[in-house]
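Structure, as structure tokens:
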Amino acid sequence: MNLFFAQPLHTGTIQLDTEESHHLVKVLRLQTGEPVLLTDGRGLLAKGVVLDTHPKKTTIEVTELNTQPNHHPQIHLFTSPTRTTDRTEWLIEKATELGVTSLNFVQCQRTARSKFNIDRYHRISQAACKQSLNPYFPHITYYSTFQEAIAHARGLKALATCAHTHKTPITAWSPDAEVVSLYIGPEGDFTPAEISAALHSGASIISLGSLRLRTETAAIAALSFLRLRNL
């Protein structure tokens, strides 16, 4: 069943916006009477039926509305935009599919790119939520310094780096907390000053193995591990 975005979401009849209506009618070619799912991106999940197929304002009859349990643990990912845009966009898509709570892009000292198209990133994330039937859209934000990012981190904290000599394998790190903040370094890794600041804030230093991973690969590897161990 296909998932569509609608806000506000309530029982009874609602109209999809132009973008969602176009996708339902012109791309998926759904017909009157077909069942659909809807979400507000904040955990509400509704079942509905297509009442008409207007390409700009499709009407849906919402028959059932429920709040879905949030992902456990809630994972806040702190990382840097990669040198090439396509790798950042791939990271956003896959992290969203894995149920990340927030995506926090950080301008570290070694970050290779400073341009940040948050509107496009939101669209990519929303599309990934609909594809994966995820009713929780991640919050996406940008921090101009690593210190600013640290100030907004919450829960149990961990930083993955190749530079530090004393690291705990992620398989031995036990995030039993409800909320986890995960730092993944930019291309070129965190600087010693950034690692020191993370340690001072209470973060653990973790290892993702003996291989040197790209930023986006490291992020998805860590997210996948945390999700799988909490199934």
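The set of residues in the range 123-158 being under 30 Å from Leu9 (Cα atoms), buried (at least 16 other Cβ atoms within 10 Å of the Cβ) and among the aliphatic types (A, V, I, L, M) consists of Ile124, Ala128, Ile140. Scanning the range 26-36 for residues that are within 26 Å of the chain's Cα centre (by Cα) and either over 20 Å from Cys129 (Cβ atoms) or surrounded by fewer than 16 Cβ atoms within 10 Å (Cβ to Cβ) (or both) gives Val27, Leu28. The residues listed here are Arg120, Arg83; of these, the one that is in contact with a Lys or Arg (Cβ under 7 Å, 6 or more places away or on another chain), surrounded by fewer than 16 Cβ atoms within 10 Å (Cβ to Cβ) and not small (Gly, Ala, Ser) is Arg83. Pairs are defined by a Cβ separation below 9 Å, a sequence spacing of at least 6 or placement on different chains, a first member in the range 217-229 that is in contact (Cβ under 8 Å) with a residue 60 or more places away in the chain and crowded, with 17+ Cβ neighbours inside 10 Å, and a second member that is part of a helix (DSSP H, G or I) and not charged (D, E, K, R); the pairs so defined are Ala219/Leu91; Ala219/Ala95; Ile220/Trp90; Ile220/Leu91; Ile220/Ala95; Leu223/Ala95.
Does Ala128 qualify as being over 21 Å from His23 (Cβ atoms), of a type in the set (A, V, I, L, M, F, W, C), in contact with a Ser or Thr (Cβ under 9 Å, 6 or more places away or on another chain) and not in a strand (DSSP E or B)? In short, no.
Residues that are over 24 Å from Arg83 (Cα atoms) and of a type in the set (Val, Ile, Thr) were ranked within the range 159-174; the one that is surrounded by the fewest Cβ atoms within 10 Å (Cβ to Cβ) is Thr165. Only one entry in Thr59, Thr39, Thr96 is modelled with pLDDT of 95 or more, among the polar types (S, T, N, Q) and more than 26 Å from Ser181 (Cβ to Cβ), namely Thr59.
Table: residues versus (1) charged (D, E, K, R); (2) within 29 Å of Pro192 (Cα to Cα).
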site: Thr53; (1), (2): no, no
site: Thr58; (1), (2): no, no
site: Leu65; (1), (2): no, no
site: Thr88; (1), (2): no, yes
site: Glu97; (1), (2): yes, no
site: Gln109; (1), (2): no, yes
site: Ala112; (1), (2): no, yes
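Kindly indicate the residue of the range 175-197 that is among the acidic types (Asp, Glu) and surrounded by fewer than 24 Cβ atoms within 10 Å (Cβ to Cβ) and also modelled with the lowest pLDDT among those meeting that condition. It comes out as Asp176. State whether the residues of the range 69-81 include one that is at pLDDT below 95, under 17 Å from Glu216 (Cα atoms) and touching a Pro at 6+ places or on another chain (Cβ under 7 Å). Within the range 69-81 (the criterion being at pLDDT below 95, under 17 Å from Glu216 (Cα atoms) and touching a Pro at 6+ places or on another chain (Cβ under 7 Å)), the answer is yes, since at least one residue qualifies. The set of residues from the range 90-107 being part of a loop (DSSP other than H, G, I, E, B) and either surrounded by fewer than 24 Cβ atoms within 10 Å (Cβ to Cβ) or outside the structural domain of Gln126 (by TED's automatic domain parsing) (or both) comprises Leu98, Gly99, Thr101, Gln107.
The values are calculated or read from the model by the stated rules, or taken from the named source; none is laboratory data. Note that the structure is a prediction, hence the values are computed from the model and not measured. Cβ sites come from the backbone with ideal geometry, for glycine too, and all protein chains shown count toward neighbours.
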